[in-house]
Each structure stands twice: as C-alpha cells, then as structure tokens.
Amino acid sequence: MKSLISLIALVLGLTVMTATPAAARPSVPYGTQHNLDFVANMEGAGPGGQDAALCHYTVRSHLAFLGYWVRSKGYVMSTTGCEGNSFYNIDAQAFAAAQAAGILPADLPATPRLSAQQAMIGFGWLILLGIAGVFKVLQLLMRGRKRATPRSAVAAKMLSAMCIVAKSDGHIDGEEEKAINFAYEKIMGKSLTSMEIRTALAKAPFVTDPRQLEDLGAGTRESDRQTIMRGALLVACSDGEIHDAEHRVIGHLAQALVIPAPQIMSMVRDFAGLLRTPVAAAPA
C-alpha cells in the first residue's frame, strides 16, 4: 500500500510542476468566472503529504453574475479546500491511481457531472428564459381558448338575451318578434326565421334574479359580453323607449355580464340613428 501511495504522490507531485492558476473572480457584472466546487477529501495526497481536496473546476459565462453558459474543465486538486484562485491539475492516470489507493471514493465517475446547483447557476439566464417562455405559451393558450368561443355560440347567447328582454313585460306580440329579428340582423349581419325566433322565445326564462343569467357570460370574453348586451339593449330600445320591466331585466343582464353603467349608456347612444330605422318584418 505504501508503494502505491508513493506512486500517487509522485504523480501528483509532477502535476504540481505544471499547475495552472485559476483566474481571479471578476469585479465587473459580465464575463467569465472560474469556480472550484468541493467533491471529496484527498488525505495526504498534496505536495509534501499535506491534505488536499478534489474539486470540480467549471468556467461560467455570466451576465450580472447570473450564468448563461457553464463548461466543465474536469477534476483538479486544491490544498485550500477548493477555496482561492489556484489549483493543481490531475490527469486521468493520477485520478485512477488515487481511486485504487482508496484516497478517492471508488464510485466517483472519471468525468465529473454538473450538480443541480451548478446547472441552475451556470444556466440561470437560459432557465429563466425557458420559464418565461413556458408562461408565455400558457398565456397564449389561455387567450386562444377565450378567442375560440364560436361566433355562433355568442349569437345564440345574444338571441337568448334579446328574448329575455322581449318577454320581460309578460307577453309577446308580432312587433317584438320583428324587433328581435331587426336587432339580430343589425349585429350579426343575417336574419332569423319566425320559427327560430319563436323557438328561442319559448326557451327564454322570465328573469327575476341576475343569478338566472350567469350562463350567458360563462366562457366568453369581454367583447362577447358586450355584443350580448348590445343585442338586448337594441330590442329594449326598438320602440323608442325602455319600459320599466325592460329596465329591470337590463339591470340584471348588466350585473350578470359585468358591464358597468357608463358602457351601457354609451351603447344606447350608439343606437340613436338605428332607432329611427323602420323595423323589418321577420322572414317566414
């Protein structure tokens, strides 16, 4: 065993002669930084038989001291506990000899691997950019889901809201059916048949509480909810005024669709020109 230890000391002693000093840590917030990370003790393996430590030598490129790339330079030996700015090179022969002598653990890999901490620090900017990218993709996906609400679904919700307003006074007549078709055509650009309107009116509830209208705004964007409200308001205004029963239901709709009063007043002002247009008859 003594002869083997002597061999190791000789090998390590030779590497001392070709030792490469580590670069001093930079004081500027960008550049490269040389790091020594402790791996294992090497008792009596240093020059003159002094204790030493096996270190993993890495060079990190950084910006604002947060790394964006790190490179492993292999194992080195330090007599200062992997502290300071100098070290001694260890070649593959010396490393194998130290393992054979029991100075280094036999299960240490011949090529050092970056630890999780070294990777986090060394690739910090890349990790942050990756996390930001993931959040951006998730954000776009969530926006995409909101945008994916079919226009036909918004049109159906708007028709339901218009029918709720039309039924608010407790009775339906032909003029209200015409008003629904007129409002639908103005906003959606197409007409409804009498059968479509009557079917929607039959399904529409008589609303006394805004909680009955929660489904109208579910899964829709703000612009979709405004479209729904525009249709309801246009039906309410189609005869030139908003009656008390219609006013009550409009209030419930505004609450359920989360549309503030100033926006509703702005919508009503937008209809000023349309309200003078004769209401077209619903097609058969």
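Just the number, please: carbon plus sulfur as a percent of the accessible area of region 53-199, 1.4 Å probe, no ligands or DNA/RNA counted.
61 percent
P(r) for region 53-193, please, calculated from all Cα pair distances in 5 Å bins and given in %.
In order of increasing distance, the bins hold 2, 8, 11, 10, 8, 6, 5, 5, 4, 4, 4, 4, 4, 4, 5, 4, 5, 4, 2, 1, 0 percent.
Quick one: which of 167/190; 73/136; 136/190 span more than 26 angstrom between C-alpha atoms?
Over 26 Å Cα-Cα: 73/136; 136/190.
Applying a 10 Å radius around every beta-carbon, put 226-237, 102-113 in order of their mean neighbour count, most first.
Descending packing order for the listed peptides: 226-237, 102-113.
Amide H to amide H under 5 Å from residue 74: which residues, 5+ apart in sequence or cross-chain, H placed 1.01 Å off N in plane?
When sequence neighbours closer than 5 places are left aside, the close amide H contacts are 57.
For region 143-255, what is Rg from Cα atoms divided by 2.2 N^0.38 Å, rounded to two decimals?
Scaled against compact globular proteins, the figure is 0.99.
Per 0.36 nm of contour for each residue apart, how much would the distance between residue 126 and residue 194 grow if the chain were fully extended, relative to their Cα-Cα spacing?
That works out to 18.4 nm of additional length.
What is the calculated FRET efficiency for residue 208 to residue 96, with r their C-beta to C-beta distance and R₀ = 51 Å, to the nearest 0.05?
0.05
Counting only C-alpha contacts under 8 Å and six or more residues apart, can you give the relative contact order of region 151-282 as a whole percent?
It comes to 38 percent, rounded to a whole number.
Note the full-extension length gain between residue 80 and residue 63 as 0.36 nm times their separation in residues minus their Cα-Cα distance, in nm to one decimal.
Gain in length upon complete extension: 3.3 nm.
With label points built 7 Å along Cα→Cβ from the Cα atoms of residue 258 and residue 38, find their separation and express it in nm.
Result for the modelled spin labels: 5.4 nm.
Given a Förster distance of 22 angstrom, what is the FRET efficiency for residue 30 paired with residue 135, based on the Cβ-Cβ distance and rounded to 0.05? Show your work: numbers first, answer last.
Details: r = 26 Å, r/R0 = 1.17.
After rounding, the FRET efficiency stands at 0.30.
The values are calculated or read from the model by the stated rules, or taken from the named source; none is laboratory data. All values derive from a computational prediction rather than experimental measurement. Please note: Cβ atoms are built from the backbone with ideal geometry, for glycine as well, and neighbour counts cover all protein chains shown. When the accessible area is computed, the model is the full protein with side chains, heavy atoms only, and any ligands, DNA or RNA have been set aside. Shrake-Rupley method; radii C 1.70, N 1.55, O 1.52, S 1.80 Å.
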